[in-house]
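Written out below as structure tokens is the structure these notes cover.
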């Protein structure tokens, strides 16, 4: 198994945000994670990316337990993510945002930085080329030298995905990438997801836009109140009475 | 002397003292942007750095008289190490209440001031100028060679620091960890080490200011008190946490001080400089070069 979330529980005081959830994710799949607000989707992301230590259960990635590792060890293991509320380095340029993400694997040290300009220049050029290629994939290359904060919202979202890609991940966690996007932008995002998928990167997608999830994801896991209530293909999920009840019941109450 | 040459004479004096404030203001801003705390010991760090360098030049250690340039580098190196130690001390403080951490840095300043008073005595001393004491005459403006050195080296250091921050990988990593340390850490940037580097640079700038100014001013354990306050005012004026802001703030503050002393009254220098500062902050609370970077506190 590529990525295995094994009986994961996450408890904050008396609140059980994630309750004994197990999900298996195959290499190269686009896996959707849906559920009403507060069902524990983002909490699972925070555990996966090392911001929380799970209260119970474990996460196995390529045969190795990664739950409990720190955020940068998990990045180094091959995970990258984006955030619901977008956390770009706002007053840096788009290019700089990507260069920072690549920097941690860099070979040039502080002394070389000062005394070996040739090696520095060569590395910088290699990184810049790779960054431009990623920005091109996300169709934001023309903004490379703009400040991140000056970009339109939809483009900032793409830059954040490009930055996540810049760490060379095996798994990318996207937390509501379509939030705040209009229909056309969402359709563009779906194409981008396909492009990323074609590069062999496994995608884990948390999203409220059900249409996007149904179209893009091969397998969908449905959560409700921290528990897994269903899992399967889009077609199967759509027909599942438990899922329909969770969603319709929710809407019926509103 | 003509009216214009008097003006330029005053202006040069202001730029000289202003570059000193700018270097100290950089110390405040580098600490604030990286760790989110105001280090009120910065004035004492300026004093300590001055001693670390000047004692070798003045033959106060085993009667050694090392060249001024070497003493300068020793002072910078010692203060760089001090910066690393400070990061370790401040690390637990950065998580505390703002009031507590202000008190702690003020306390640290007192400790350093008193420690140096115990070691070197409360009375100060004058430092021999490494350059000739006869002023150069540049288009009717008289400039002390040491003053020219102070301005020249300060500007070189400030430009160098700016290039380091904006152009190098390490500078980028430092800026990233100042903007969002959680994300920076997730990207594999050792944020604590970046903070230590930021504090080291700030402390080195303060040492440079002190050692460059030592032959013009008077060296004593209390020399950092006024400069520390003015450096803080300059950092606020430019926009606390902003590197170009610290430089602009320092220069503007120094020139204001010199102009009000030259044209109005030296008794009112401080009052006028502070009034202008308050007015600027009322118009633009984020300072002259307010940055979006700093979202802390």
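Between 0 and 90 degrees, the angle of helix B:68-93 with respect to the longest Cα principal axis of chain B falls at about 30 degrees. Each part gets one Cα centre, and for the stretch B:1-63 versus the stretch A:16-74 those centres are 52 Å apart.
Please grab the % of Cα pairs in chain A that end up more than 21 Å from each other. Considering chain A, 61 percent of its Cα-Cα pairs are separated by more than 21 Å. Taking every DSSP beta bridge with both residues inside the protein assembly as shown, roughly what % is antiparallel (nearest 5)? About 60 percent, rounded to the nearest 5. Remark on the stretch B:3-283: hydrodynamic radius 19.2 angstrom, per the Kirkwood mean of 1/r across alpha carbon pairs. Principal-axis analysis of the Cα atoms of chain B puts helix B:169-179 at an angle of about 70° to the longest axis. Among DSSP bridges having both ends in chain A, what percentage is antiparallel? Round to the nearest 5. Antiparallel bridges make up about 55 percent of those DSSP assigns within chain A.
Comparing A:98, A:173, A:189 in a Gaussian network model of chain A, where Cα atoms under 10 Å apart are tied by springs, the biggest mean-square fluctuation is seen for A:189. Per residue of peptide A:80-90, the mean number of Cβ atoms on other chains within 10 Å of the residue Cβ is 3. Protection proxy ranking, highest mean first, for peptides B:230-239, A:155-164, B:98-107, A:28-37: B:230-239, A:155-164, A:28-37, B:98-107, where packing is the per-residue count of other beta-carbon atoms within 10 Å, averaged. Answer rounded, prolate or oblate for the stretch A:143-189, using the Cα gyration tensor with square roots of eigenvalues a ≥ b ≥ c: rounded when a/c is under 1.5, else prolate when a/b is larger than b/c, else oblate. Verdict is oblate for the stretch A:143-189.
Round to the nearest 0.05 the FRET efficiency obtained for residue A:58 and residue B:98 when R0 = 35 Å and r is the Cβ-Cβ distance. The partial results should precede the final answer.
Numbers: r = 39 Å, r/R0 = 1.12.
The pair residue A:58/residue B:98 has a calculated efficiency of 0.35.
Normalised by the residues of chain B, what does the relative contact order come to in percent, with Cα pairs under 8 Å and at least six apart?
37 percent
Partner shielding of A:63-72 amounts to 2, given as the average count of beta-carbon atoms from other chains within 10 Å of each residue beta-carbon.
At 222 nm, what helix-only mean residue ellipticity would the protein assembly as shown give, in deg cm²/dmol to the nearest 500, using -39500 (n - 2.57) for each DSSP H run of four or more? That comes out to -19000 deg cm²/dmol.
Taking every alpha-carbon pair in the protein assembly as shown and binning the separations at 20 Å intervals from zero gives 19, 43, 26, 11, 1 percent.
Arrange the peptides B:83-92, B:116-125 so that the one whose residues have, on average, the most other Cβ atoms within 10 Å appears first. Numbers along the way, then the final one.
On the way: B:83-92: 17.3, B:116-125: 13.0.
Taking the mean over residues of other Cβ atoms within 10 Å, the ranking is B:83-92, B:116-125.
Largest first, the three principal axis extents of the alpha carbons in the stretch A:88-163 are 40, 22, 18 Å in whole numbers.
Efficiency by 1/(1 + (r/R0)^6): what FRET value for residue B:162 and residue A:15, r their Cβ-Cβ distance, R0 = 60 Å, to the nearest 0.05?
On the way: r = 48 Å, r/R0 = 0.79.
It comes to 0.80.
Taking only Cα atoms, what is the 0 to 90° angle, nearest 10, from helix A:183-198's long axis to the longest principal axis of chain A? Here the helix axis deviates by roughly 70 degrees.
Here, each number is a calculation from the coordinates, and none is a lab measurement. As the structure is a prediction and not an experimental result, all values here were calculated from the model. Cβ: placed from backbone, ideal geometry, glycine included. Neighbour counts: every protein chain shown.
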